[in-house]
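Novice: Sharing a structure, written as structure tokens. Questions coming.
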Amino acid sequence: MAGTTYGKGLPSFSYPLSKASLTSYDGGKVKQAGSYNFPVSKNIAGVYMDLQPGAIRELHWHADAAEWAYMIEGKTRITLTNPWGQVQIAEVEAGGIWFFPKGWGHSIEALDQKGAKFILVFNNGKFTEQSSFQLSDWISTAPIDKLTQYFGSEQLVKQMPKKEVYISRYNPNAGPLKTAYSLNPNAPAIPVSHIFNLLGQKPVTEGKGGSLKLATNKEFPASFDMSGGVMTLEPGGLRGFHWHPNADEWQFVLKGEMELTVFASGGKASVSKLNQGDIGYVPLGYGHALKNPSTVTPAEILIVFNAGDYQSMDLDQWISTNPVSTLSKSL
Ligand code: MN
Ligand code: MN
């Protein structure tokens, strides 16, 4: 990646997820980036998942992170159950997002013949897919006598998985979704929706030549400790200099390209060039600006924060609120 760095000891603020090693299963493909391969991303990790038609990312939970997701392509059915036995079963299409609080049980199923491509973002840099707690992993490692006692049926336990599923097999005959049917059809619904149509939102302006569709906990109340949006930068467009007092910022280039300028204090600063599929990261409080260097192609950037109500401080606003005499002595 081309870029400029001022000062020594700066980490890289970008990572080419598109070139990261790929874990491939019959039912899907997975790439992940966290502090283990992208050291600056201490508080947020990201996963790209591509599920084949009919494949399911099996029932699981995460002990160490909440999950914020953006659908790039296709359609999924998500299931989410909370500690009060309430459930949400819903379909999410391209441009939609979901938020699963830490520890809540969930699954993701690719519908129809389209399959599904999506980005998962976790509010813990050390997160890996391998550290997820999968249902089949639990069942296949639990003592059979205890399972039989618990479920009350030897026959049922015999049919249960003998090893971890993680992502189920590709199903070429996956048809339209069957009516959701569960063993407990009377389970109450989770009162607040955990899915949200992000791309269906009215954009808010963000600097010159850019706009942002946003889902903070104001627009999307379920997402209480993460937030995000899709930023569009016109050719040459600049999201100007600013910082976030209460959140790290995780970025993924959905379309086009981006130059990420970061100010890290102590005379250290850098400019990184990001292409489609690359991740950018700005630690809490670091000054930064985003520019689309292309003269012809608009850029689309997914931006995720590890706070539900992230705050921004804009450099021009800050400067303009100070007395000129104060500024003249500072600058
Ligand atoms: Mn998950
Ligand atoms: Mn920012």
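The values are calculated or read from the model by the stated rules, or taken from the named source; none is laboratory data. Note that the structure is a prediction, hence the values are computed from the model and not measured. Ideal geometry is used to build each Cβ from the backbone, glycine not excepted, and the neighbour counts take in all protein chains shown. Only protein heavy atoms, including side chains, enter the accessible area calculation; ligands, DNA and RNA are left aside. Shrake-Rupley method; radii C 1.70, N 1.55, O 1.52, S 1.80 Å.
Each row is one residue, and each column tells you yes or no for (1) more than 26 Å from Lys19 (Cβ to Cβ); (2) away from ligand 1 (no atom under 12 Å from the Cβ); (3) in contact with a strand residue (DSSP E or B) (Cβ under 6 Å, 6 or more places away or on another chain).
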| residue | (1), (2), (3) |
| --- | --- |
| Lys31 | no, yes, yes |
| Gly34 | no, yes, yes |
| Ser41 | no, yes, yes |
| Ala63 | yes, no, no |
| Leu80 | yes, no, yes |
| Ile108 | no, no, yes |
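Novice: If I filter the range 82-91 for residues that are near ligand 1 (Cβ under 10 Å from one of its atoms), in the same structural domain as Lys29 (by TED's automatic domain parsing) and in contact with a Phe, Trp or Tyr (Cβ under 8 Å, 6 or more places away or on another chain), do I get at least one hit?
Specialist: no
Novice: Could I ask something else about it? Answer yes or no as to whether Leu51 is closer than 24 Å to Gly277 by Cα and away from ligand 1 (no atom under 16 Å from the Cβ). First the steps, then the outcome.
Specialist: Working: closer than 24 Å to Gly277 by Cα: yes; away from ligand 1 (no atom under 16 Å from the Cβ): no.
No, not satisfied.
Novice: Looking only at the range 35-91, which residues are of a type outside the set (A, V, I, L, M, F, W, C) and touching an Asp or Glu at 6+ places or on another chain (Cβ under 7 Å)?
Specialist: Asn43, Pro53, Lys75, Thr76, Arg77
Novice: Only one residue in Phe220, Phe252, Phe224 is part of a loop (DSSP other than H, G, I, E, B), away from ligand 2 (no atom under 13 Å from the Cβ), open to solvent by 10 Å² or more (accessible area, probe 1.4 Å) and modelled with pLDDT of 95 or more, so which one is that?
Specialist: Result of the check over Phe220, Phe252, Phe224: Phe224.
Novice: State whether one or more residues within the range 222-238 are in contact with a helix residue (DSSP H, G or I) (Cβ under 9 Å, 6 or more places away or on another chain) and within 18 Å of Ser294 (Cα to Cα).
Specialist: no
Novice: Please enumerate the residues belonging to the range 21-42 that are surrounded by 13 or more Cβ atoms within 10 Å (Cβ to Cβ) and of a type in the set (Ser, Thr, Tyr).
Specialist: Within the range 21-42, Thr23, Tyr25, Ser35, Tyr36, Ser41 qualify.
Novice: Considering only residues that are open to solvent by 40 Å² or more (accessible area, probe 1.4 Å), within 16 Å of ligand 2 (Cβ to nearest atom) and not aromatic (Phe, Trp, Tyr), which ones fall in the range 255-270? If you could, list the steps in order and put the result at the bottom.
Specialist: Step one: list which residues in the range 255-270 are open to solvent by 40 Å² or more (accessible area, probe 1.4 Å), which gives 255, 257, 259, 261, 263, 265-268.
Imposing the further condition that a residue be within 16 Å of ligand 2 (Cβ to nearest atom) reduces the set to 259, 261, 263.
Once the filter is applied, which keeps residues that are open to solvent by 40 Å² or more (accessible area, probe 1.4 Å), within 16 Å of ligand 2 (Cβ to nearest atom) and not aromatic (Phe, Trp, Tyr), the range 255-270 yields Glu259, Thr261.
Novice: Now for a different question. Of all residues in the range 120-130, count the ones that are within 23 Å of Ala307 (Cβ to Cβ) and within 12 Å of ligand 1 (Cβ to nearest atom).
Specialist: Looking only at that region, the number is 5.
Novice: While we're looking at this one, here's another question. What are the residues in the range 283-293 that are over 13 Å from Thr232 (Cα atoms) and either within 16 Å of ligand 1 (Cβ to nearest atom) or open to solvent by less than 10 Å² (accessible area, probe 1.4 Å) (or both), if any?
Specialist: His288, Ala289
Novice: Here's a follow-up. When the residues of the range 126-177 are narrowed to those that are among the basic types (Lys, Arg) and at pLDDT below 95, which ends up surrounded by the most Cβ atoms within 10 Å (Cβ to Cβ)?
Specialist: Arg169
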